[in-house]
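Where a number appears in this text, it was derived from the coordinates with a stated rule and is not lab data. Owing to the predicted nature of the structure, the values given are computational and were not obtained by experimental measurement. Here the Cβ is made from the backbone with ideal geometry for all residues, glycine too, and neighbour counts use every protein chain on show.
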Amino acid sequence: MSLFITPQGQEREIKTLGSASLDGTPLDYIVVMAAVVTVLAFIPFSITIGSGGVFPLSQGIFPLLGWLLGPFGGAAASGIGTLIGVFLAPHTAGIPLVSIFGAMITSFTAGSMVLGKKRKYWWFGLAIIFIICLFVYSSLAMKNGVSIPIIIVGSFIDWSALILFILPTRTLFARWINSSNLPLVGLGLFLGSWMIAGLSHLIKCAIVYPIYNWPEATWLFLTPIMPLENLVRALVGAFIGVRVIAGLRAIGLMKPKEAIY
């Protein structure tokens, strides 16, 4: 008689069901992505002479965090990472409170681009906020002596992003990011990042304009630069995002509840 018993029957798989999470996003994911934001905060990708702005490469992945982690998880990761970056990489911090708020609202807005019925009207409230910001931004510029044609051309990335967000293109980009076709995922990430980064620029400008009061000469100088900066943000988001999403799908890591990829 053998002393050893050979196991019989179907092999069992043990999975951990309990985990601390924020709005369905495991805290581990938030910590990891916050660390990525902090690392990218060390790398400046733009120096705008007119406003003295130095922008970190991390701005390119703020929309991506919203799509990967959901609105609250993404906002937490980008906010925590930016906060740490303020202390460790002050050369790209800008105005700290504005930078942290901008990072969080960027990821939150991206996370509001849902595909199902849950939270499908969140975008409407955000759109109202952005419309108010555009009005405030434009009004302050006019009071500062900037002509309307210059405002229209100079705020191209702002109002174009707002139009894309209000139109069904918002949902179209989300569907592309959710697609199994990686080139289509990349296109959705690029256009979605352009849109969300433009909205982030809009709300931050409405906040800081009373501080800088850019004259028309500065508007003329920045007009060709700002679309290039936004283009870099969109390219960074697409380049990093398509590889991250492909990797996450390949390894089968648990998907956060509110993620759209």
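As a test of the formula, what do you get for the chain when each DSSP H run with n ≥ 4 contributes -39,500 (n - 2.57) and the sum is divided by the residue count, at 222 nm and rounded to the nearest 500 deg cm²/dmol?
Rounded to the nearest 500, the figure is -22000 deg cm²/dmol.
List 171, 109 from most exposed to least, where exposure is judged by having the fewest other Cβ atoms within 10 Å.
171, 109
For the chain, take the longest principal axis of its alpha carbons; what is the angle in degrees between that and the long axis of helix 122-143, to the nearest 10 within 0 to 90?
20
Rounded to the nearest 0.05, what FRET efficiency do residue 115 and residue 31 have when you use their Cβ-Cβ distance and R0 = 22 Å?
The pair residue 115/residue 31 has a calculated efficiency of 0.25.
Find how many whole Å separate the alpha carbon centroid of segment 173-193 from the alpha carbon centroid of segment 207-247.
20
Order these by the 10 Å Cβ neighbour count, fewest first: 28, 23, 158.
28, 23, 158
Multiply the residue gap between residue 140 and residue 253 by 0.36 nm, knock off their C-alpha separation, and tell me the result in nm, one decimal place.
Gain on stretching residue 140 to residue 253: 35.9 nm.
Using Cβ contacts closer than 10 Å as the measure, can you line up 107, 99 from fewest to most?
99, 107
How large is ³J(HN,Hα) for each residue in segment 74-80, as worked out from phi by the Karplus curve 6.51 cos²θ - 1.76 cosθ + 1.60 (θ = phi - 60°), to whole Hz, x for Gly and Pro?
Per-residue couplings from phi come out as x, 5, 5, 5, 5, x, 5 Hz.
Past the 31 angstrom mark, what percentage of all C-alpha to C-alpha distances in the chain do you count?
Beyond 31 Å sits 27 percent of the P(r) for the chain.
If I take every Cα pair under 8 Å that is 6 or more residues apart in the chain, average their sequence separation and divide by the length, what percent do I get for the relative contact order?
Relative contact order here is 24 percent.
Using a 10 angstrom cutoff on alpha carbons, build the Gaussian network for the chain and name the most mobile of 76, 127, 197.
Looking only at 76, 127, 197, the biggest GNM fluctuation is shown by 127.
For residue 22, list long-range residues whose amide hydrogen, built 1.01 Å from N in the peptide plane, is under 5 Å from its own amide hydrogen.
27
Find, among the chymotrypsin sites (Phe, Trp or Tyr not before Pro) in segment 104-193, those assigned to loop by DSSP (not H, G, I, E, B) with at most 12 other beta-carbon atoms within 10 angstrom.
Those satisfying the criteria are 121.
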